[in-house]
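Nothing in this text is a laboratory measurement; each read-out follows from the coordinates by a stated rule. Everything numeric in this text was worked out from a predicted model, so none of it was measured. Reconstructed Cβ throughout: ideal geometry from the backbone, glycine too, with neighbour counts over all protein chains shown.
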Amino acid sequence: MIGALVATLAAARTLWLVDPTGLDAPRLALLQSLQGLANRSGPLVWQKAGGMTRILLDQLQAEGWTFRETRDVWQAAEAFRSRIRGAVVCRAGDETLNVAATWAGLENLLVVDESLQQEALARGWKVLRDARSQLPPVSRLRRDLAVEQPPSKAGFLRDYAIRHRAECYWTGHDDAARSARTARLVPGAFVLGWGEDEFRWVEAISRRSGSGVAADWCANLSAMEQAGGSIRPMPKPRIERPPRKGERVVAFVLTDGDNIQWLTQGMPLHPSYYGHPRRGSFKMTWEVSPLLARFAPRVLDYLFAKATPGDGFVAAGAPGYAYPSLASDRTVYARQTAPLLRQTGLRVVGVIDDNGGSMESVVPLLELPEVDAVLYKAYSPYHKLGGRVLWHNGKPVVSYRFPLWEGVEGWGPDDLVRSVAAMSDDPTNPDSYALVTVHAWSFGSIGGPVEAVRRVVDRLPEGTRVVTAPELIEWLVRFCKPR
């Protein structure tokens with residue numbers, strides 16, 4: 001009796017680690033469906049990967065979890081047979097893969113490519129649905145969550161959709177199809193994945209007052225979510241003396257912190273980003289998605305745990321990637337963002353808006369007690385408004401003043417140094433403050449964008465104070481708030 005109980009408890013703390021190396025699309029699709037179904041009960045099936053997956057697995061092992069490693073997806077599936085009703089057949093290279101993933105979530109089915117059907121039958125898996133000819137009824141689909149994912153990415157993200165019984169689809173360049181999909185969603189819905197065209201994808205979601213979440217290369221999102229974990233308090237940046245007459249204030253903010261796949265994979269460890277060997281020797285601000293509190297809290301906790309006094313953090317998205325000016329109900333974003341900010345401790349929120357939008361679109365965010373300020377980007381270019389500040393009830397919306405972006409005339413390091421030198425140096429003048437948007441995918445030839453910032457900081461004119469974005473907001477409010 002006691003032995004059986006011990007065995008049961010041990011099994012409950014065992015996770016399967018499947019090596020995806022060399023697996024073809026049919027087997028990757030099978031693995032994703034297994035992850036989605038098994039991970040409804042805990043972080044039980046992972047793809048063996050590096051980056052933050054390795055860090056999180058080390059944490060789980062230290063907490064008493066044991067691993068079963070395999071390269072045979074069927075072997076891992078057998079361990080969860082009692083939870084799986086059967087199989088749904090598809091072609092892993094076309095849209096029937098997404099149909100199959102939708103069926104899998106709704107009816108607890110493994111996704112089986114037609115090339116694996118006979119093997120599935122031989123192993124005792126009964127085929128209950130055929131995605132090549134059967135579509136799930138619209139009435140059974142969730143309206144608050146969906147995944148848009150191309151069939152070419154067979155090994156990514158569908159585990160999350162399956163775990164949450166959400167619809168999977170791919171619209172590509174078909175604007176009419178995308179509009180039809182988003183029209184079915186309720187205000188505040190999340191669409192994870194990505195589109196063929198960034199602006200048109202986010203535009204369609206925004207018009208339904210929803211949020212997009214860049215996640216199309218996530219392999220273990222269902223497991224990371226189920227791994228749970230607490231988030232330590234956000235570290236406070238090193239606040240130094242206020243700026244004086246003759247000084248200008250500059251904050252460098254790295255872009256793309258709303259990209260969940262990047263944050264949950266290489267960004268925290270890569271030497272071009274958070275793993276830069278000299279991080280902390282100069283002030284730098286990191287956009288981080290507040291949705292990490294929901295999708296991967298251990299990742300955000302890791303970022304906070306490794307922070308230096310020179311690191312600042314702002315929320316990237318409110319709550320995800322959306323153009324607030326296009327939303328029919330902007331208050332939805334405020335209601336969704338508030339609890340995430342309370343969980344994360346983030347108090348400065350960054351948004352990207354439609355090019356024709358206005359800073360007034362984010363006023364509902366400023367009305368939240370959890371928000372101190374909003375950092376505002378236009379879609380293109382991010383610094384279109386040139387540092388303009390809008391005040392609402394004593395809180396600012398601050399637009400980006402300068403870019404640091406490789407390969408665009410006028411946006412390079414030399415240009416930035418000249419622009420900063422031309423700024424006002426009176427801290428009571430809002431023109432003495434500059435947010436610099438640092439393009440995350442630039443400067444690879446010199447070691448990445450963080451290295452570019454380090455080099456620029458060393459060249460800035462005398463009388464320049466480099467601070468974090470929250471620190472810049474503090475001084476701007478203290479010296480420039482309308483009386």
Output the Cα-based Rg and Dmax of region 279-321 in Å, rounding Rg to one decimal and Dmax to a whole number.
-> 10.9, 31
Mind checking the alpha-carbon convex hull of region 2-226 and giving the volume per residue in Å³?
-> 128 Å³
In 5 Å bins starting at 0, how do the alpha-carbon pair distances of region 279-425 split up by percent?
-> 2, 9, 17, 20, 19, 16, 11, 5, 1
For region 146-287, inverting the pair-averaged 1/r of distinct alpha-carbon atoms gives a Kirkwood value in Å of 17.7 Å
Dipole magnitude of the chain about its Cα centre (Cβ charges: Lys, Arg +1; Asp, Glu -1), debye to nearest 20 | 1260 debye
Roughly how many whole Å is it from the C-alpha centroid of region 134-206 to that of region 64-102?
-> 21 Å
Quick calc: nm separation of the 7 Å Cα→Cβ label points for HIS270 and SER115 -> 3.0 nm
Stokes-Einstein D in µm²/s, Kirkwood radius over Cα pairs - region 290-371 at 37 °C with 0.692 mPa s viscosity = 246 µm²/s
HIS392's amide H: which non-local residues (gap 5+, or another chain) put their own amide H closer than 5 Å, with H modeled 1.01 Å from N in plane and none for Pro or chain starts?
-> VAL397
With N residues in region 128-227, Rg(alpha-carbon) / (2.2 N^0.38 Å) equals 1.04
Provide SER358, SER152 in ascending order of the number of other Cβ atoms located within 10 Å of each residue's Cβ, fewest first.
-> SER152, SER358
Which net charge results when you count Lys and Arg as +1 and Asp and Glu as -1 among the other residues whose beta-carbon is under 11 Å from that of SER328?
-> +2
For GLU196, which sequence-distant residues (separation of 5 or more, or a different chain) have an amide H within less than 5 Å of its own amide H, given hydrogens modelled in the peptide plane?
-> GLY172
Over the chain, what is the percentage of antiparallel beta bridges among all DSSP beta bridges, to the nearest 5?
-> 10 percent
Distance check, please: which entries in LYS153/LYS236; LYS48/LYS236; LYS377/LYS481; LYS306/LYS384 exceed 30 angstrom between their Cα atoms?
-> LYS153/LYS236; LYS48/LYS236; LYS306/LYS384
Over the chain, what relative contact order in percent results from Cα pairs under 8 Å that are six or more residues apart?
-> 14 percent
Once region 217-370 is represented by equal point scatterers at the alpha-carbon sites, with solvent omitted, what log10 I(q)/I(0) does the Debye formula produce at q = 0.12 Å⁻¹?
-> -0.55
Simple spin-label estimate for GLU107 and ARG85 in nanometres, 7 Å along Cα-Cβ = 0.6 nm
Fraction of alpha-carbon pairs over 40 Å apart in the chain - percent | 25 percent
Identify, among VAL288, PRO449, SER432, the residue whose Cα sits farthest towards the positive end of the charge dipole of the chain, taking +1 on the Cβ of Lys and Arg and -1 on the Cβ of Asp and Glu, with the dipole about the Cα centre.
-> VAL288
Which value, in Å³ per residue, describes the convex hull spanned by the Cα atoms of region 16-128?
-> 101 Å³
Roughly how big is region 2-226's charge dipole about its Cα centre, with Cβ charges of +1 (Lys, Arg) and -1 (Asp, Glu), in debye to the nearest 20?
-> 760 debye
With θ set to phi - 60°, apply the Karplus curve 6.51 cos²θ - 1.76 cosθ + 1.60 along region 286-295 and write out the HN-Hα couplings as whole Hz, x wherever there is a Gly or Pro.
-> 10, 6, 9, 5, x, 5, 4, 4, 9, 8
Using a simple charge model, +1 on the beta-carbon of Lys and Arg, -1 on the beta-carbon of Asp and Glu, nothing else, what dipole does region 146-242 show about its Cα centre, in debye to the nearest 20?
-> 500 debye
For region 426-483, which semi-axes, largest first and in whole Å, follow from the square roots of 5 times the eigenvalues of its Cα gyration tensor?
-> 28, 13, 8
Hey, can you list the DSSP H helices of the chain whose Cα span along the axis is 18 Å or longer and whose average Kyte-Doolittle score is at least -1.0?
-> 25-38, 331-344
With a ≥ b ≥ c the root eigenvalues of the C-alpha gyration tensor of region 48-90, is it rounded (a/c under 1.5), prolate (a/b larger than b/c) or oblate?
-> prolate
Per DSSP, the loop-located GluC sites (Glu not before Pro) within region 47-92 having at most 15 other beta carbons within 10 Å are GLU63
How many nm is it between the label spots at THR428 and GLN59, if each spot is 7 Å from the Cα in line with the beta carbon?
-> 4.8 nm
Computed, not fitted: 222 nm per-residue ellipticity of the chain from DSSP H runs ≥ 4 (each -39500 (n - 2.57)), nearest 500, equal to -9000 deg cm²/dmol
